[in-house]
């Protein structure tokens, strides 16, 4: 079979395959499927070389305006479809695609028409992929793949042969007239198909054999995880100090519901500790509880069956991007209620700490909804509080031999009337009488707490927190030590907190029977360096860009795809509704319509907005692409300085070369302009006069001393316009 | 007189005698306008001498013909000093070279010594005899012919002397129709004798001055030099084109522009002239061809090289 015929045949087959995919997905109604199928059959016969069809088609498709008229008609149909018939963007789009396919098949003449056909087919096969999960799609797709490979191959081959024949007829050149094949042999056919099938088989094998990994292969592995301290089962006083200097980022916390900069301090709770042995803190209970997975993919932290206690609390939603750490703890504001993220199990301990079964091997992103308990007014003023036994048992433990500390606690709180006042006085005492310092050599100390309270009077957060917990416990108020991070660095560009190693912190939770555990911090605020320097601002900007990248690309998943599809579906309803309203109010003054438009834009779902913007951008670029020659012509004749007609004529001439080259006649570099004009006369007779005319002006303008007049240039522009329309209409 | 008109006239005039060789005639005129000398190389009897003759007749200026033989002496060309008894002193008697158009027939038949005396006159436009310098008439053009078919008893011109000729042309056999016209002509007179002069010597000098005014765009000069460079770097050639060759091509291109009625050069001028102006100035690489190079071979090589040089857009 000759290349040209095979090329036409395989192009139409490609379109037919894509179309059958849509039909099998039951997304093409019968009234549309039937005429398209008939057009497809006719095109197949036409490409196959049935002679009388060929003549008939030539008559139909000769008119260059036909395509434009049909296209406008199809677009009108799309609008009607969208607003009246199917009332949904997706089916309307598919109908439009099918109509477009039919029109394109009818007006298939030039190479670029074939290219358009391929794009439409690709969109059709993609649409059918989106519409179905059925098994029949596999053979259709395989067929599509095969024909696509064939079509592109033949497209290239036909192009090559036409170029070679163009080059061979050039006078004066030593053209290498290789014996270029022009027909498909059996060997060629089977070899190509074999390679395609082999490739697909190999791809499938790789697809199924290589295990799924959710992380980049070259991403940092756990071997380089950020070293943290303070999140193990024990807290030794004196280990945070070294971490306190480290500016490495451990996580970024976004607060989607909070206004920017609403908080200057944000506590990210890690683990709580109840047992103190005089030197270090530990957990008493090691019981872990796996959290229940709710239907929407979130984990409920509350034990099943328990009802939320009616407490005054503040709800905070957080989106956290956690760097690779050597701990499995998931940090969140106290206390986490709902957790969601890309993990299968989440565990919780008895003291509301949540963590994964093992430390994550890559950075993870998760969302937490927390309820921050607030102290009830009646507990603030109650003189005595009745604590449950389990709380008294766990959270009043004090190591032996701390009489001195107990004395201090009683002395500090002797004037307090209520437990809350006692708490406040102890906190106040610690805040006012002790100095915050990271330089404490506690490694050799046997009694770090007494050392802190009575001798050194300097220490850091763990000392303060330990002192407060122990003092509270000695006066009979249940309390516990909590470690985590205290976020203070607000990134105003990305609206999130940047949390660094040096933000590691320890604080106190005090128990009130009806309010729950209330966060208290006896550590004096370390005045954070205010980021005013330009570099720091810049680095924050860069930081926020990195976070966006991670959110939008690295962690984009199938779930997100689904969310986008849902968004589009909902959005398309909204568009239709609003469009109807807009049409009905066309008579209203323009200002009102404009107001409505802006209102519409604001009301759009953000995904929908993105979709529309994308469509406009794609449409605009298509228009620009189609008109690029005209635009360039206009630019050359109007924008170039009038003193440079020489440059203008060179540009115009180059433009002409490009038009003619697209038709298959290329200028050999060693050919002069006049020689090329003669070549065009031979190869493409219709374009001969125009090319000769342009060449004459070019020769004069380019090489003579006298500058061209504006008339000359506009004449050349006119000739190029004619040439272009000739190129459009020529087969 | 209008330059385009006079150029047309001279071509038409020669075409009355030399039938069907419009291109060759055009090149001869180009050579004249470029102040160059012409080497006609072809088999005997195709009209080399007639061509030179016709050109000379078409111009209203002096014409001499020298038949080169092996016993010709330099003084037979440039002239000699003789003792004049009446004047009691030496008197210079000018040779045939003192003419506007000199036809040097069968230039390769004479000895190198005699050849060189002619060639010196060609490049210097003057002759020196007995310490006296005698300027030649202007315009001055030498049309030399030689027979490539026969090498026996000849002294082929060395490359350095070939270089002095602006062009080497081959007339070739006329087409059948044209040959018939030649035969149908009445034989009473030599056809060249019937020609009337259409151009005077001052006219020619004016045209030659006009050629110097022709504009050659910068990129065209680069293109010309690229061709020259390509001949020097080509593996096919053992000797490339000299600077004199480049200069000659530039002059010839300008003259062709005038002949074609333009006051600016086109790449086509250079490309068309390159084989004619350059092919006798190059030496083929011995490994690629025969020891003696034929006209067609060299022209073919130069053409091939020109086809590798991109034309400025």
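What the table below lists for this structure:
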| quantity | calculated |
| --- | --- |
| Length gained when the stretch residue A:287-residue A:725 is fully extended (0.36 nm per residue, less Cα-Cα span) | 149.6 nm |
| Shielding of B:305-312 by partner chains, average beta-carbon count, 10 Å | 4 |
| Between the range B:293-313 and the range B:153-177, the Cα center-to-center distance that results, in Å | 18 Å |
| Alpha carbon centroid spacing (whole Å) that separates the range B:121-149 from the range A:685-717 | 45 Å |
| Which of B:61, B:170 has the fewest Cβ neighbours within 10 Å, and the rest in rising order | B:170, B:61 |
| Cα→Cβ-extended label distance, 7 Å offset, between residue A:626 and residue A:454, nm | 9.0 nm |
| Distance histogram for the range B:62-141 (every C-alpha pair counted, 10 angstrom bins, percent rounded to whole numbers) | 19, 51, 25, 5 |
| Cα gyration tensor shape for chain B, rounded if a/c is under 1.5, else prolate or oblate | rounded |
| Candidates B:213, B:132, B:297: whichever shows maximal mean-square fluctuation once chain B is modelled as a Gaussian network with Cα springs under 10 Å | B:132 |
| Residues A:31, A:490, sorted so that the one with the fewest Cβ neighbours within 10 Å comes first | A:31, A:490 |
| Cβ-based exposure ranking for B:280, A:116, in which fewest neighbours within 10 Å come first | A:116, B:280 |
| The range B:1-203 - percent relative contact order, Cα under 8 Å, separation 6 or more | 33 percent |
| Separation between Cα centres of the range B:1-75 and the range A:315-334, rounded to whole Å | 100 Å |
| Extension reserve of the residue A:246-residue A:112 stretch, reckoned as 0.36 nm per residue once the Cα distance is removed | 42.2 nm |
| Share of alpha-carbon pairs per 10 Å distance bin for the range B:125-281, given as whole % | 8, 25, 32, 26, 8, 0 |
| Estimated distance in nm for a label pair at residue B:238 and residue A:296, the labels positioned 7 Å out from Cα along Cα-to-Cβ | 9.3 nm |
| Inter-site label distance for residue A:201 and residue B:185 at 7 Å from Cα along Cβ, in nm | 8.2 nm |
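Read-outs: derived from the displayed coordinates by stated rules, not from any lab. Given the structure is predicted, the values throughout are model-derived calculations rather than measurements. FYI the Cβ positions are ideal-geometry reconstructions off the backbone, even for glycines, and counts take in every protein chain you see.
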